[in-house]
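The values are calculated or read from the model by the stated rules, or taken from the named source; none is laboratory data. This is a predicted model, so every value here is computed, not measured. So basically every Cβ, Gly included, is an ideal-geometry build from the backbone, and we count neighbours across all protein chains shown. These area figures cover heavy atoms from the full protein model, side chains too; ligands, DNA and RNA do not enter into them. Shrake-Rupley method; radii C 1.70, N 1.55, O 1.52, S 1.80 Å.
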Amino acid sequence: MGLKKKRLTLDLEPTFQRRLKVVATLKGVTMRQYCYTAIDRELSQDEARGITGSASGWSDADRFEELQKKHFGDRVLTGSGAVFIREARDARDARLKGVEARCL
């Protein structure tokens, strides 16, 4: 029995949808086929650059361990992981507020 397909819904602006429909029609494919091909191409490029998802055969734990080694080497992080994440989020939020203030 084949794998069950999953549905993806995209909300497109009318102008964007018309552009998609015209180009797909000119290429002789459905919008679904056009989007699938475009997404597959983009995923392949990302994977070639080393960006992978769980489907690559790596578990989330393996991916986390690889990222941890890449960024921290053999250093052991002390303290709570929750505190580390909270601090990173606070720093990110502060940067975003600075960007928002400059845009106003």
Difference of contour (0.36 nm per residue) and Cα-Cα distance, Leu20 to Leu43: 6.4 nm
Spin-label model distance (nm) - Leu10 vs Thr78, 7 Å beyond Cα toward Cβ: 5.0
Cβ-based charge dipole, the chain, positive-most Cα from His71, Phe84, Gln17: Gln17
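Probe of 1.4 angstrom, ligands and nucleic acids ignored: what's the accessible area per residue over the chain, in square angstrom?
Value returned for the chain: 97 Å² of accessible area per residue.
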Cα-only Debye scattering, the chain: base-10 log of I(q)/I(0) at q = 0.10, 0.14, 0.16, 0.23 Å⁻¹: -0.61, -0.98, -1.05, -1.20
Whichever lysines have a C-alpha closer than 29 Å to that of Lys6, once near sequence neighbours (fewer than 8 apart) are set aside: Lys21, Lys27
Sulfur and carbon atoms: percent of accessible area, the range 1-52 [1.4 Å]: 57
Hits among aspartates and glutamates - C-alpha to C-alpha of Lys4 under 19 Å, sequence gap 8 or more where chains match: Asp40
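Could you compute the net charge surrounding Glu13? Neighbours are other residues with a C-beta less than 14 Å from the C-beta of Glu13; K and R count +1, D and E count -1. Display every interim value, and only then the final one.
Working: positive: Arg18, Arg19, Lys21; negative: Asp11.
That sum, taken over residues with Cβ under 14 Å, equals +2.
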